[in-house]
Amino acid sequence: MQFNSYEFVLAFFPAFLLAYFLVPGRWNRQVLILGGAVFYAFAGWGNALRLAASILVTGGLAAGVARTERRTVKNALTALCVILHAGALFLYKYWWVIPRVLPGQAGNLPMIIQPLGFSFFSFQQIMYILALRRGELKEHRWLDYLSYILYFPKLTMGPLAEPGEIIAQIRDPERHRWDWYRAAAGLKVFSFGMFKKMVIADTFARAVNAFFETAPQVSAAELALVMLSYTFQIYFDFSGYIDMAAGISSMLNIDLPLNFNSPYRAVSVSDFWKRWHISLTRFFTRNIYIPLGGNRKGVARTCANILAVFLISGMWHGAHPTFLLWGLLNGLIMIAERVARRRERKIPAALAWPAAFLLINILWLLFRSGTVGQWAGLMRQLLSFRGGGLSSRFTDAFFVPELTALLRLLGLEGIRQTAAWIPAALFLAAALAIALIPRNSHKALLEKRELSPASALLAAGALVLSLLCLGTETVFIYSGF
């Protein structure tokens with residue numbers, strides 16, 4: 001089940017919300033556990049059984065860590081948990097590579113499909129046992145553990161919340177009382193998130209998919225717009241999910257950690273990674289970068305550690321060479337920026353944002369490309385600066401049904417033949433403005449900003465438009481990771 005589905009919006013969440021606040025406070029964890037199990041069961045019984053097995057194994061190891069006083073046993077059980085999860089992740093993501101490494105095995109190996117959200121609930125379980133091992137959690141309680149892992153707003157795509165943050169809120173009796181402000185604020189943010197996904201991200205997705213499905217020879221200008229379109233598609237897809245998750249959680253009186261802080265305002269790639277998927281960056285920093293030595297063992301070691309983290313990040317996204325090169329290039333750029341800062345060499349302020357945004361666009365194009373060779377070809381085509389025309393394949397994607405109906409009402413249907421580029425230009429301009437100008441929705445929610453009538457009216461309009469688009473439901477990009 002996805003947040004942007006009829007089942008969730010019109011059935012599951014209203015019923016869950018009612019049940020959660022009607023049951024006595026002492027039963028709230030059981031309701032959260034049952035809700036998370038039902039929510040995830042919509043992904044299929046095979047996926048649900050894998051999640052259940054993962055939870056039982058990790059829970060058993062966590063119980064052992066909590067009971068024993070021997071440091072060596074704690075370390076061994078924690079290491080075993082990490083190895084099991086890392087091994088399972090590697091198996092699911094790299095199983096398809098084996099036939100290429102071992103010729104003749106392609107017909108002998110069964111297909112293995114990664115369960116929905118496997119990376120995220122695996123990382124959450126690793127975080128839980130590490131918190132026990134570090135003493136951040138004083139005890140292991142199955143109800144706390146299950147409600148933390150199965151808390152459905154963050155179950156399949158994060159954010160990766162620290163166990164203590166979520167468990168303390170779930171156990172707080174004051175948070176099990178209906179709060180009109182939190183409910184209204186949460187619904188507003190959920191509505192904006194749904195609009196970002198259903199109206200903006202999915203419109204850009206149609207343009208991008210049309211381009212990559214046909215692999216055409218197009219003008220450099222159209223390719224530049226396709227690159228921009230994917231940059232905005234992945235932004236609004238992920239930002240939309242984060243807003244929806246935060247809004248749902250706010251209605252349950254539980255705060256999720258900030259995971260997306262207007263990353264396209266970044267003035268460097270380093271700044272970008274402080275703003276994009278903040279919880280994942282924090283997870284890799286705390287559990288890989290710092291144990292490797294962080295920045296405490298000299299410049300060369302620091303650079304090697306940065307590169308290791310980004311290579312692992314690339315590997316986490318998948319077994320495709322494009323992801324590995326994407327991670328490598330991000331790491332090298334981060335290293336170059338770090339060296340430049342040490343030598344006090346700064347890019348002029350007027351150039352910092354355009355340079356960072358251009359690099360981010362180029363790296364996202366690599367992320368989306370099917371092969372490294374395709375990306376290299378697209379970059380050559382882009383840098384040729386040849387041609388300025390736009391094909392109907394690209395422009396038609398922006399004639400959404402609502403716009404087509406409006407044009408017909410206004411008697412402007414001829415625009416499709418005479419100035420088909422206008423809707424695309426409007427979408428791109430609006431996307432850039434939304435990414436750069438408004439206050440971050442989740443951040444404003446955490447800061448408990450006052451609700452205004454104007455924002456409430458805007459949210460209501462966004463929700464109505466989004467509900468009209470539910471028939472064209474699409475998956476979130478990060479659900480594949």
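Readers should treat all values here as calculations from the given coordinates under stated rules, not as data from a laboratory. These numbers come from a predicted model, not from an experiment. Cβ placement follows ideal geometry from the backbone for every residue including glycine, while neighbour counts extend to all protein chains displayed.
Things worth noting here:
- Among the listed values [x] 37, 30, 23; [y] 40, 28, 20; [z] 37, 31, 19, the one matching semi-axes √(5λ) of the Cα gyration tensor in Å as calculated from this structure is [x].
- Across the chain, Cα pairs under 8 Å and at least six residues apart give a relative contact order of 20 percent.
- Set 154/443; 74/138; 196/346; 274/448; 274/346; 197/346 screened for pairs whose C-alpha atoms are more than 25 Å apart: 196/346; 197/346
- Calculated from the alpha-carbon coordinates, the stretch 407-466 shows an Rg and a Dmax of 16.4, 48 Å respectively.
- Over 19 Å [Cα-Cα, the stretch 305-392], rounded percent: 52 percent
- The residue among 394, 453, 278 whose Cα reaches farthest toward the positive pole of the charge dipole of the chain, with charges on the beta-carbon of Lys, Arg, Asp and Glu, is 278.
- Only the Cβ atoms of Lys and Arg (+1) and of Asp and Glu (-1) were treated as charged; on that basis the dipole of the chain about its Cα centre amounts to roughly 1660 debye.
- Highest-first arrangement of 253-259, 295-301, where packing means the average Cβ count within 10 Å: 253-259, 295-301
- Per residue of the chain, the DSSP helices (runs of n ≥ 4 H) give a summed -39500 (n - 2.57) that works out to -20500 deg cm²/dmol at 222 nm.
- For the stretch 6-177, with +1 on Lys and Arg beta carbons and -1 on Asp and Glu, the positive-most of 176, 65, 24 along the dipole: 65
- Magnitude of the charge dipole, the stretch 6-177, Cβ model with Lys/Arg +1 and Asp/Glu -1, debye to 20: 400 debye
- Given charges at Cβ of Lys, Arg, Asp, Glu: the chain dipole, positive-most of 190, 90, 117: 90
- Size of the stretch 6-177 as Cα extents on the principal axes (Å, biggest first): 61, 50, 21
- Taking Lys and Arg as +1 and Asp and Glu as -1, the other residues whose beta-carbon sits under 14 Å from that of residue 29 total +2.
- Ordering of 393-403, 185-195, 67-77 by burial proxy (mean other Cβ atoms within 10 Å per residue, highest first): 185-195, 393-403, 67-77
- Stretchable slack from residue 449 to residue 69, in nm (0.36 nm times residue separation minus alpha-carbon distance): 132.2 nm
- Sequence ranges 218-227, 10-19, ranked by mean other-Cβ count within 10 angstrom, highest first: 218-227, 10-19
- Evaluating 6.51 cos²θ - 1.76 cosθ + 1.60 at θ = phi - 60° for every residue in the stretch 164-176, the Karplus couplings come out as x, 4, 7, 4, 4, 6, 4, 7, 7, x, 5, 8, 9 Hz, glycine and proline recorded as x.
- Scaled radius of gyration (Cα, divided by 2.2 N^0.38 Å) that the stretch 8-93 gives: 1.43
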